[in-house]
Each structure stands twice: as C-alpha cells, then as structure tokens.
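Worksheet: one structure, shown below.
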Amino acid sequence: MHDTAAAFGAAFLRSYVDAIEHPRILEIGAGDVNGSLRGCAPSTADYIGVDVEGGPGVDLVLADPYSYPFDAESFDAIVSSSCLEHDPMFWLAFVEMCRVVRGGGFVYLNAPSNGRFHRHPTDNWRFYPDSGIALAQWGRRNGYDIRLIESFVGGRRRDIWNDCVMIFGKAETQQPMHPLADLFPRSFNIRLGEEQGFRNYCDRTEDMCLQDWLAEKLKIIPDAGPTPGAASMGGLIATLAEREVALAAVERGAVERAAAAEACLAEEARLRTEAEQRAAQAENRLAEETRLRTETVQRRSTSRKWPRRGGAAAHGSSVARSAGRKAPNRGDTAAH
C-alpha cells in the first residue's frame, strides 16, 4: 500500500467510522501488500478481510469474488483500497458492496487515477473524477439506495500515484462536519454529493502538469526533425532519471544520518542511565555507611552511660569491705 492510500484510508476511518459504536467493517482485497487499513480501524471494530487469495490480513478467501457469503445489510462500512484496478468486473463487486452495507453505512473506494502498469494478477482500469457518479448510478440501477457523498483525486506525495477516492452512503447517513478532501489541500477535481461541478477543477493529470512544469524549469526546446519533440522528451526523461538518482542518494544519506543521530542519542541515553544508576548506588552505600556509623556511636554512648549491673554490685561490695577495715566498731575501741 503506497503512502497516500494509507493516509486517505486512515482519514476515512477516523472521519466516518470512529463515531459508530462497535462498527462492523468489511475490507475487499484485504491482502497485506506493504500495509493494510486494518491497523487504522477503531479498536472496538469487528474487522473482516476478504480476498481471492489467502495471505496476511485475509480472514476469508472468496470462492466467487462477486458473491459475498454475508447477509444483506450486515456491515457498517465497506472499504477497498488499491484493489478495483485489478478486478476484471469491478462493477459486479460494487453491487455486492451495496448489498451487504447497512442503511446509514458507508462504502469507501480508493483506486488509481494514473500510474504504471502493475499486474496483480492483472491490471485493468484507471478511475477518473466522474467514476463516483457512474458507480452510484449503477448501484441505484441494481435496486440499492446508494448516493455519492464525496469524491476527489488526491495529490501525490513521495510515490507516483494519484488516488481517486470515492465515498458512498446507503440511505440516510450521518456525515462528518467537513469533507475528507478538506484534510488534503492538494486534492483536485473535488465533488461534493452528486453535483456536476468540481472544486479545484483541473482537466490535466498531475503527471501532465509536472511534465510541463519540468519542461519549463529545464528550458527544453522541441527539436526540429521528423518527430518534433521526441529528442527533447528523451532529454527530459534522462534528466529526470538523473535527478531521481541524485534525490534518492540525498534521501539515503538523510536516512543514514538520521539513523546515526538516533543511535548516538540512544547511546547517550544508555550512558546517562548507567551513570544515574551508579550515582544512586553510591548514594545508597553512603546512606548505609552513615546508618551503621550512627548505630555504632549510639551503642558506645549507651554502654558508657549505663554500666552493667554486675559491675556496679561488685564495686559496692569492695567499697563496703574497705570501709569495714578502716572503721573498727566502738566496742573494739573501748576495749583497747
């Protein structure tokens, strides 16, 4: 799952699904290929992932990708990201999504609007800004009260993909205060509801806009010849490739420097912790020595102040004996 697909899916779950108590969520095409939306779901959700093949993230393998083994209106939300372009008959899958989502629930679809040919196992479709209205009409034609809530084409980040995001509601739905597209300011061809007009309308793909921008920045002039522009386009591609290599090297260097800095911080933290532990141990030893010294002083002081009873009695006896020798009684004196 590429970067924008993960960001848009997580934002949908936060904006549309978090408010539902113990939501039941079904993911179509749930195989974990470099990421999954499962980890973005509310912690209280009952999350079921289905796919045509088993693997990480897949709870159930579908025997028929156009017939889901679930009762009608049994899920609060259906999500499918980076999947429909690989589905030979995605419109049939959409009808099943409309069937199993409950009234008041949502269907979230994210499919590419551009990009390279990538087979998994096939690559069949790309989705333009009118795709959401077409699918809503198809759902209603099959007897389901499906309405397009919003759709937009998202701007790319680090990857090459421009995602076509489509959010549908079944019957009456509780919608967020702000459209999902407002969270991503670089989105274009934004449609709210099934209105015909767009916000931030653009009739060119981002690939075309970037190509024109780069051609202007690089000052590439079309060459004369049997196929004007062919050589300049080759030069553009070569220059872009060189810049991508340089950018990748810069990014790798930044990642390595960040990792080294993190390692230094971790080592400093470890040394600081060890020093604090040694200081605490020294303080404990000092406190113990002070305690023992105090006890020793107290014992010595007590022994000087209160002599033993046996010693005092003996001292009294010797004094009496000495007095008896020095003071003879009166009878003896008189006789003398």
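Each value in this text was obtained by applying a stated rule to the coordinates, not by laboratory testing. All figures in this text were calculated on a predicted structure; none of them were measured in a lab. Cβ placement follows ideal geometry from the backbone for every residue including glycine, while neighbour counts extend to all protein chains displayed.
For the reader, a short list of remarks on this structure follows.
- Percent of alpha-carbon pairs separated by more than 19 Å within segment 40-96: 30 percent
- Rg(Cα)/(2.2 N^0.38 Å) for segment 98-157, N = residue count: 1.30
- Taking Ser74, Ser151 and counting other C-beta atoms within 10 Å, the order from fewest to most: Ser74, Ser151
- Inter-site label distance for Thr122 and Leu214 at 7 Å from Cα along Cβ, in nm: 3.1 nm
- Segment 27-123 - Kirkwood radius from inverse mean 1/r over Cα pairs (Å): 13.9 Å
- Arranged from fewest to most other beta-carbon atoms within 10 Å of their beta carbon, Ile160, Ile190, Ile78 become Ile160, Ile190, Ile78.
- Simple spin-label estimate for Glu242 and Ala282 in nanometres, 7 Å along Cα-Cβ: 6.0 nm
- Segment 135-213 and segment 253-291: distance between their alpha carbon centers, rounded to Å: 52 Å
- Radius, Kirkwood style, for segment 3-203 when every pair of distinct Cα atoms is counted (Å): 16.7 Å
- For segment 21-75, the set of GluC sites (Glu not before Pro) satisfying both a DSSP loop assignment and a count of at most 14 other C-beta atoms within 10 Å is given as Glu21, Glu53.
- Taking the number of Cβ atoms within 10 Å of each Cβ as an exposure proxy, the fewest-first ranking of Cys164, Cys202 is Cys202, Cys164.
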